[in-house]
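The values are calculated or read from the model by the stated rules, or taken from the named source; none is laboratory data. Being a predicted model, the structure only gives us computed values, none of them experimental. Cβ coordinates were reconstructed from backbone atoms using ideal geometry, including for glycine residues, and neighbour counts include every protein chain displayed. These area figures cover heavy atoms from the full protein model, side chains too; ligands, DNA and RNA do not enter into them. Shrake-Rupley method; radii C 1.70, N 1.55, O 1.52, S 1.80 Å.
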Amino acid sequence: MAREMVVKVEWIHYYESPLGKIMLASDGEALNGLWFTGQKYFAATLEETHEEKKLAVFDLADTWLDTYFSGKAPDFMPPLAMKATPFRRAVWEIMLTIPFGQTMAYQEIADRIAKQRGIPSMSAHAVGGAVAHNPISLMIPCHRVVGSNGSLTGYAGGLDKKEWLLAMERRGQEDQ
């Protein structure tokens, strides 16, 4: 008996941002990828078979990105589907709580994870790995995670983009 091969297809869409082209990915219902083209781990979670297609979730994402890049905090979130281990999902869910224009240290996220798990401590380095592999950047705001002393540490999109994004958010916060 021959086995039927199931090919999973995802859909993609491109958005032109002030920082360059962004590729978005979706399963058809929710957003599961948002990367600056060429960034570290670019499209790492994207299915091998993908096609460009117009979808309602991409329209929502474009509206979110238009609002965001205008310097305002969007007041809604498109549906997100995180492809992740439970640990990465926990880190990303904490990142979703970081307010527009503010930052949180890797160690603070590690401390929150340790508290959630009822353990004495968690490695900030492990948190850094989860932050770096965030496949839905900007919306899951990994650019808002900084070193314990407030220093701007790595960003898969590049430190220049991280600096620009944080400065834009600070300006937007001052204007509101």
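Observations on the model:
- Within segment 12-25, the residues that satisfy the criterion of being farther than 13 Å from TRP64 by Cβ and not aliphatic (A, V, I, L, M) are TYR14, GLU16, PRO18, GLY20, LYS21.
- For first residues located in segment 159-176 and farther than 16 Å from LEU65 by Cα, partners that are open to solvent by 10 Å² or more (accessible area, probe 1.4 Å) and at pLDDT below 90 and lie 6+ apart or on another chain with Cβ distances below 8 Å form the pairs LEU159/LEU152; GLU163/LEU152.
- Hey, PHE76 at pLDDT 95 or above, assigned to a loop (DSSP other than H, G, I, E, B) and either more than 24 Å from THR37 (Cα to Cα) or among the small types (Gly, Ala, Ser) (or both) or not: yes
- GLU169 vs. criteria modelled with pLDDT of 90 or more, part of a helix (DSSP H, G or I) and open to solvent by 40 Å² or more (accessible area, probe 1.4 Å): no
- Listed by position, the helices (runs of 4 or more DSSP H) contained in segment 85-133 that have at least 1 residues being open to solvent by 70 Å² or more (accessible area, probe 1.4 Å) and closer than 20 Å to LEU34 by Cβ are 86-95.
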